[in-house]
Amino acid sequence: LTLHHPLRPVQLGERRWQVDGTPTDCVMLACEALLDVRPDFVISGINHGPNMGEDVLYSGTVAAAMEGLALGIPSIAVSFAGSILRADALLDTQVELLRSLLNTLMSLPAFPRDTLLNVNLPGVVADQVKGYRLTRLGRRVFSDSITRMKDPWGRDILWIGGGSVEWSGPDDSDFRAVHDGYVSVTPLHLDLTHRAALDAATDWWPAP
């Protein structure tokens, strides 16, 4: 959330606004200030790039859906998990596929309580998508992800990105579904409490 300077919403058309803030700012302003009534759903995205595994802890797209959830609104985050360079061309073929999925999710008899749905689309044309899988978050490890270089004035700069990525996780992980050509749908909630660690506290917690 942007807390230390004001935000400037600009109306671009009927029910269309642009906000000079973060994705989370956009959801808060829309729901709390710009709309006459609260929306039935918050749909965030489409992000050009995957939001799987630990990505969800850094993602503005997922954070916007989390803000919707925090406001009590069922929320869906959507990301394209293929090559960013081909994203627009491949997404053009997936419009109807995504429309069908969103219609299904927004028509559920009971949208999961206190939960957002994190959707990742595979990087293939629509007729190569094999279907949909309910998934859990995988695990991602970056290697050599920070590059040290010089700016034009010879000052040191550090660039985050690049390097290699290794994924791990069980067969029902989000990255495995996307790798195999499926749309991944992962239920997420805001409570990050590690309940097993709490239950096993006698093994590790030295009570003061």
Any residue at all in region 99-108 that is assigned to a loop (DSSP other than H, G, I, E, B), open to solvent by 10 Å² or more (accessible area, probe 1.4 Å), over 30 Å from Glu166 (Cα atoms) and in contact with a strand residue (DSSP E or B) (Cβ under 9 Å, 6 or more places away or on another chain)?
yes
Could you please let me know if Leu1 is hydrophobic (A, V, I, L, M, F, W, C), surrounded by fewer than 17 Cβ atoms within 10 Å (Cβ to Cβ) and closer than 28 Å to Asn103 by Cβ?
no
Return the residue satisfying two criteria in turn: it lies in region 33-66 and is in contact (Cβ under 8 Å) with a residue 24 or more places away in the chain and of a type in the set (Asp, Glu), and of such residues it is nearest to Leu137 (Cα to Cα).
Glu54
Pair list, Cβ < 8 Å and 6+ apart or interchain, from region 124-147 residues that are acidic (Asp, Glu) to residues that are open to solvent by 40 Å² or more (accessible area, probe 1.4 Å) and in a strand (DSSP E or B)
Asp144/Ser164
Could you pull out the residue among Gly163, Gly169 that is free of Cβ contacts under 8 Å to residues at least 60 places away in the same chain and surrounded by 10 or more Cβ atoms within 10 Å (Cβ to Cβ)?
Gly163
Given the options Ser79, Ser83, name the one that is farther than 20 Å from Thr186 by Cα and in contact (Cβ under 8 Å) with a residue 40 or more places away in the chain.
Ser83
So Asn120 clears everything in (1) surrounded by 13 or more Cβ atoms within 10 Å (Cβ to Cβ); (2) in contact with a strand residue (DSSP E or B) (Cβ under 8 Å, 6 or more places away or on another chain); (3) modelled with pLDDT under 95 except one condition, right? Which one?
(3)
Any residue in region 1-16 that is under 14 Å from Asp36 (Cβ atoms) sitting within a Cβ distance under 9 Å of a residue that is open to solvent by 90 Å² or more (accessible area, probe 1.4 Å)? List the pairs, counting only those 6 or more apart or interchain.
Gln11/Trp17; Gln11/Gln18
Check on Pro187, surrounded by 10 or more Cβ atoms within 10 Å (Cβ to Cβ) and within 22 Å of Ala70 (Cβ to Cβ)
yes
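The values are calculated or read from the model by the stated rules, or taken from the named source; none is laboratory data. Because the structure is a prediction, the values reported are computed rather than measured. Every residue, glycine among them, receives a Cβ derived from its backbone with ideal geometry; neighbour counts consider all protein chains shown. Accessible surface is based on the protein model in full, side chains and every heavy atom, while ligands, DNA and RNA are left aside. Shrake-Rupley method; radii C 1.70, N 1.55, O 1.52, S 1.80 Å.
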